[in-house]
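Notes to accompany the following structure.
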Protein chains: 2
Amino acid sequence: MSVATLVGRSSTGNRILDVAEVLFAQRGYAGVGMREVADGVGLGKSSLFHHFKSKDELYSAVCVRILDTIGDRLVRSLARGGTPGVRLERCVGELVDVLAGHPSYARLLLRSMFEGDDLPDEGPESEAVHRSIEGITGPVEALLTDGMDAGEFRRASASHVVLLLVGLVVFPFASGEFGEELLGADVFEGAQVERLKSESLNLVREGLRARV
Amino acid sequence: MSVATLVGRSSTGNRILDVAEVLFAQRGYAGVGMREVADGVGLGKSSLFHHFKSKDELYSAVCVRILDTIGDRLVRSLARGGTPGVRLERCVGELVDVLAGHPSYARLLLRSMFEGDDLPDEGPESEAVHRSIEGITGPVEALLTDGMDAGEFRRASASHVVLLLVGLVVFPFASGEFGEELLGADVFEGAQVERLKSESLNLVREGLRARV
DNA sequence: GTCTATAATAGGATAGAC
DNA sequence: GTCTATCCTATTATAGAC
């Protein structure tokens, strides 16, 4: 179904999503007007409403596309097997690579969590977002539990650790100027990405290892 | 100077800040209108412009007040002495307490980092925010470096680790519905806060400990 | 310090021609 | 599928009475 989501849209629809993704990531749901999106695509404002019947629907479509892209890669990465420790590290590395390769992703992901108050909680779009999220957090939480049961990870609350890990991995790539000033370099530069990846992996590896 | 910021405003000014803080945290800069703030305070819209000459200025004032409140507590906490490990853990615990005690803080902090594109980079307000941030990250980064030099923490890039720590500690309290569904409970509930605090402390302690 | 009134602009969304 | 024109509402901000 996630594959259908990725290919089941016209080329104009995808161009709209491309433009909207960048804008929503930069300025958030309320900060972006349909006119600005239309200008970016090279269309009149009204034409957008032919492809997406409301701003809400456009925003949700952007979120679902990102979540499915990330979800597909993570699930594939997890399926490649290995011990829980190996799989977790591969998974964190993969997530860093996706976020580093798509500068809009981290911001839009975090923003979408904050803007839940601004958007309808019900409706089919919201449920699609929901399913996509659970398709990611579910397997990761299960992986942590497996690692604890196997004695590879120390005992901890898997769900709380997942929450911490999301912040740990995603936030740096959403931190913008804050991160840039802290590091003295663009967060998306190759060297910074590798540094962030290795520091994240070290923190996760050592932080979750069972004491000997 | 941060003390002056905290007391150097009329009671009406502070009431406006209280209302604006909650609204900006919920819906972001662009998502909140001056009218909504005015209604919340019980004033006419125009009266707000007597206290803050623009929406930008109001938003910056909200950010600076939060940053100074957090900064004051962190700096005080750090000044209480101890080994780097002890001080870092006290610092993380204190930060968790502040964020848990003020549900608007984490969201507004993260949002303010994303909305840098939406607001002027120059000007006195932006510089005040800047100073407040450096007053927090500077001491923490120095603490990490001290711990590494003392052989208590493993070698790592202090600045990159600070970025990870901010995400790790701040994000959960900004995660809203996402965190709520993941944990199956309100993130700000006493038991959840304690769980998040202890899991954060464990991850930081084990994750930064020098190998023996 | 707070108010009413107003300016000037932009917002989301729809109707209907082509 | 895209366009122009339009509707209605909301936006930030200012002017000036009280």
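Structure notes:
- Residue check, A:Arg111 within 10 Å of chain B (Cβ to nearest Cβ) and surrounded by 22 or more Cβ atoms within 10 Å (Cβ to Cβ): yes
- Among the conditions (1) in a helix (DSSP H, G or I); (2) more than 9 Å from DNA strand D (Cβ to nearest atom); (3) closer than 30 Å to B:Val162 by Cβ, the only one that B:Gly81 does not satisfy is (1).
- Any pair with Cβ under 8 angstrom, 6 or more apart, that starts in the range A:37-50 at a residue that is modelled with pLDDT of 95 or more and within 6 Å of DNA strand D (Cβ to nearest atom) and ends at one that is part of a helix (DSSP H, G or I) and not charged (D, E, K, R): A:Leu43/A:Thr12; A:Leu43/A:Ile16; A:Gly44/A:Ala38; A:Ser47/A:Ala38
- Taken over the range A:19-43, the criterion of being surrounded by fewer than 15 Cβ atoms within 10 Å (Cβ to Cβ) and either more than 8 Å from DNA strand C (Cβ to nearest atom) or closer than 17 Å to A:His102 by Cβ (or both) is satisfied by A:Asp39, A:Gly42.
- Residues in the range A:114-128 that are at pLDDT below 85 and surrounded by 15 or more Cβ atoms within 10 Å (Cβ to Cβ): A:Gly116, A:Asp118, A:Leu119, A:Glu125, A:Ser126, A:Ala128.
- Residue under evaluation A:Arg211, criteria (1) surrounded by fewer than 24 Cβ atoms within 10 Å (Cβ to Cβ); (2) at pLDDT 95 or above, criterion not met: (2)
- Candidates A:Val86, A:Val96, A:Val32, A:Val19, filtered to the one that is away from chain B (no Cβ under 14 Å) and either within 30 Å of B:Leu119 (Cα to Cα) or within 16 Å of DNA strand D (Cβ to nearest atom) (or both): A:Val19
- Members of the range A:169-212 found to be assigned to a loop (DSSP other than H, G, I, E, B) and facing chain B (nearest Cβ under 7 Å), listed by number: A:Ser175
- Flag if B:Ala61 is within 15 Å of DNA strand D (Cβ to nearest atom), crowded, with 18+ Cβ neighbours inside 10 Å and either closer than 20 Å to B:Ser112 by Cα or within 14 Å of chain A (Cβ to nearest Cβ) (or both): yes
- Criterion applied to B:Leu99, B:Leu182 was being of a type in the set (A, V, I, L, M, F, W, C) and within 19 Å of A:Pro172 (Cβ to Cβ), and the one residue passing it is B:Leu99.
- Test: residue in the range B:158-168 that is more than 7 Å from every other protein chain (Cβ to nearest Cβ), in a helix (DSSP H, G or I) and under 20 Å from A:Leu182 (Cα atoms): yes
- Hits in the range B:44-58 - residues which are of a type in the set (D, E, K, R) and more than 11 Å from DNA strand C (Cβ to nearest atom): B:Lys53, B:Lys55, B:Asp56, B:Glu57
- Positions within the range B:98-151 being in contact (Cβ under 8 Å) with a residue 60 or more places away in the chain, acidic (Asp, Glu) and in a helix (DSSP H, G or I), in sequence order: B:Glu115, B:Glu125, B:Asp146
The values are calculated or read from the model by the stated rules, or taken from the named source; none is laboratory data. Everything numeric in this text was worked out from a predicted model, so none of it was measured. Note that each Cβ is placed from the backbone with ideal geometry, even for glycine, and that neighbours are counted across all protein chains shown.
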